[in-house]
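The values are calculated or read from the model by the stated rules, or taken from the named source; none is laboratory data. It should be emphasised that the depicted structure is a prediction, and the values quoted were computed from it without experimental measurement. Cβ sites come from the backbone with ideal geometry, for glycine too, and all protein chains shown count toward neighbours. With ligands, DNA and RNA removed, areas are computed over all heavy atoms of the protein, side chains included. Shrake-Rupley method; radii C 1.70, N 1.55, O 1.52, S 1.80 Å.
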There are 2 protein chains.
Amino acid sequence: MNRNPPKSGDQRLVLDRIRDKQSELTAAERRLTAVLMDDSLVAGMQSITKLAEAAEVSTPTVIRLARKLGFEGFPDFQAAIREEIAARMKEPLAKLDAPSTTENKDHIVSRFAMAVSHNINATIDRLDPAEFDLVARLLADPSRALYVLGGRITRSNAHYFFNHLQIIRPGVSLLDSSPSVWPQSLLDMDERATLIVFDIRRYEKELERLASLVVGQGANIILFTDQWGSPIEKYAKHTFRTLVEVPSSWDSTLAINFLIEALVAEIQTLHSSTDRIAALEEMIGESRIFRSN
Amino acid sequence: MNRNPPKSGDQRLVLDRIRDKQSELTAAERRLTAVLMDDSLVAGMQSITKLAEAAEVSTPTVIRLARKLGFEGFPDFQAAIREEIAARMKEPLAKLDAPSTTENKDHIVSRFAMAVSHNINATIDRLDPAEFDLVARLLADPSRALYVLGGRITRSNAHYFFNHLQIIRPGVSLLDSSPSVWPQSLLDMDERATLIVFDIRRYEKELERLASLVVGQGANIILFTDQWGSPIEKYAKHTFRTLVEVPSSWDSTLAINFLIEALVAEIQTLHSSTDRIAALEEMIGESRIFRSN
DNA sequence: GCCATCGTGTAATGATCACTACAGCAGGAC
DNA sequence: GTCCTGCTGTAGTGATCATTACACGATGGC
């Protein structure tokens, strides 16, 4: 390729330069770099006007950033980006992660990303969209009382789900982590109640025991578990199996979180209680958004 | 591959169009397409003047080719090329493709998966591996006291991180959600202390206030925020920006969880305190594994 | 050999662009 | 409160750009 414009001295990659200077950048400049890094600098191929519009900043801000990164002006900056993209396009398989040397391939983050990618894909694969929709409708029904319960590790997931459900609709309770206080909630669980349980390996005896009692009372159970399946499956009306293995000593609950977030999105749509959210924000008094314009 | 770029009416790829019309092209136009195909269209990102020079043709020839290929003019042609390159660059390290049949393409789960895929990839993209390693080492150092704090939504993430850190190493505290009890912990934060804060949009004033106090005491802050950046960034020694936008009324903290899990994996490796885990499991008395195989 | 046709480049045009100068404004210091 | 500093956008400029009109030259039919 013709590299007749020998750039402005510096040979480092644009992405690296951005990362290096990230801490010195101003708010508007960061909005810009966010847009640029969003699609691996491709946004920087547009004219300065378009790029500025996309990032919602002014054109001088773009020029100032280019200079801060060590380029003479926008054309110089853009030429560097073009060369960088050209170099990356030449490589057989576009690898997004490493702007970079091969050493990053083995970095824990890369290996983790591949595992997570597989986990979420496989989780979606074994998901029945019809069942997903059914569960979403079920959870969106405010006449059904909901109880949420997690295990030792999955308690955070339970809390996350509870946190959102509680804002979207009434009648949601988070069961305490201590089994000693469960009986009080158990009393209220009739056939209009639904218990959402999270139980991945090192499945917990207490959860199973509670599940059997809950079913005995006529309530339904929705279970989030791992690929091997918690013993609670036999009590559950709906089961979501997720993949949890990653290159770590710990299991990953990312696929579970994925389902939770997708369900929350769908439930919110079904319930469409934007007024409820607005009211809540009013109460909390935090509705101010910090984006600078 | 995905042919999402909507372009100017026509959906076909630029490269395909060139191949289709190759036989109808004139000598000068072929010189042009040769240059373009040489580096996967990247040459087409320059100005029309530069491109013409590179191919040793005149600028009107470039316009005539663009029109022959079905574009309105050079800008239209260039926009199509840019989108095509963008699509190719996005080719994720972890491609969470839409599951199975086309009918499901519009299902919330599929749309969610695509957004999440992009979020995690872009998050990795803007991550500095060296900083990641540095933070992992910092958090693995048992002589540093750790404090974990989340906002309204990110409290679950904070809890998740805390939950794991606490098992791996001593000296980890989760700050309560109620600001009224923060001062007690604040007292203990000296220059050997590190505060891990989660703050995504609808950035919370209380968190920022605490952050400034903490820094005043000489402690370090590690911040997990969104792509726009919490105001706490200016206090933080290390900042991890993640993408949070998904087709939902709610922001997604999946990319944050991704970083947490990856950090936990690395910290665990560095600390290699398997004995500590074993001891803990002994105490909990839950060490029986249910795996079916 | 003459003309018609097609391919191509040159030159001139409005449009857009990159860039500068300056003013407004927010946040921090005192 | 008041200043000050630094960030940011607006407006105006020359420069570059994409495009058009047109002229030249090559080719082929008659």
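Structure data summary
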quantity	calculated
Test: residue in the stretch B:255-271 that is under 19 Å from the mean Cα position of the chain (by Cα), assigned to a loop (DSSP other than H, G, I, E, B), facing another protein chain (nearest Cβ under 10 Å) and under 30 Å from A:ILE267 (Cα atoms)	no
Breaking point among (1) within 10 Å of chain B (Cβ to nearest Cβ); (2) touching a residue at least 24 places away in the same chain (Cβ under 8 Å); (3) not small (Gly, Ala, Ser), for A:HIS159	(2)
Which listed residue, of B:ASP226, B:ASP188, B:ASP125, B:ASP199, is more than 11 Å from chain A (Cβ to nearest Cβ) and among the acidic types (Asp, Glu)	B:ASP188
Enumeration of residues in the stretch B:197-210 that are touching a strand residue (DSSP E or B) at 6+ places or on another chain (Cβ under 6 Å) and not β-branched (Val, Ile, Thr)	B:PHE198, B:ASP199, B:LEU207
Subset of the stretch A:187-204 that is crowded, with 21+ Cβ neighbours inside 10 Å and of a type in the set (Asp, Glu) - its residue that is nearest to A:ARG155 (Cα to Cα)	A:ASP199
Checking A:ASP125 against (1) free of Cβ contacts under 8 Å to residues at least 12 places away in the same chain; (2) within 18 Å of A:HIS238 (Cα to Cα); (3) in contact with a Leu (Cβ under 9 Å, 6 or more places away or on another chain), the condition it does not meet	(3)
Single residue of B:SER185, B:SER110 found to be of a type in the set (S, T, N, Q) and without any contact (Cβ under 8 Å) to a residue 24 or more places away in the chain	B:SER110
Exclusive hit being under 22 Å from the mean Cα position of the chain (by Cα) and either over 28 Å from B:ALA113 (Cα atoms) or at pLDDT 95 or above (or both), set A:LEU243, A:LEU223	A:LEU223
Total residues in the stretch B:14-35, condition more than 10 Å from DNA strand C (Cβ to nearest atom) and either without any contact (Cβ under 8 Å) to a residue 40 or more places away in the chain or in contact with a strand residue (DSSP E or B) (Cβ under 8 Å, 6 or more places away or on another chain) (or both)	8
Every residue from the stretch B:47-72 that is away from DNA strand C (no atom under 11 Å from the Cβ) and within 12 Å of another protein chain (Cβ to nearest Cβ)	B:LYS50, B:LEU51, B:ALA54
Subset of the stretch A:110-144 that is within 30 Å of B:LEU127 (Cβ to Cβ) and of a type in the set (Ser, Thr, Tyr) - its residue that is surrounded by the fewest Cβ atoms within 10 Å (Cβ to Cβ)	A:SER110
A:ILE153, sole failed condition from (1) assigned to a loop (DSSP other than H, G, I, E, B); (2) β-branched (Val, Ile, Thr); (3) without any contact (Cβ under 8 Å) to a residue 12 or more places away in the chain	(3)
Condition check for B:LEU32: among the aliphatic types (A, V, I, L, M), surrounded by 18 or more Cβ atoms within 10 Å (Cβ to Cβ) and farther than 14 Å from A:MET45 by Cα	yes
Inter-residue pairs, beta-carbon under 6 Å, first not assigned by TED's automatic domain parsing to the domain that holds A:ILE18 and away from DNA strand D (no atom under 11 Å from the Cβ) and in the stretch A:66-77, second open to solvent by less than 70 Å² (accessible area, probe 1.4 Å) and modelled with pLDDT under 90, 6+ apart	none
Some residue of the stretch B:199-218 being within 27 Å of A:ILE256 (Cα to Cα) and at pLDDT 90 or above	yes
Residue ranges of helices (runs of 4 or more DSSP H) in the stretch A:1-104 with at least 1 members modelled with pLDDT under 85 and under 31 Å from the mean Cα position of the chain (by Cα)	A:14-21, A:27-38, A:74-90
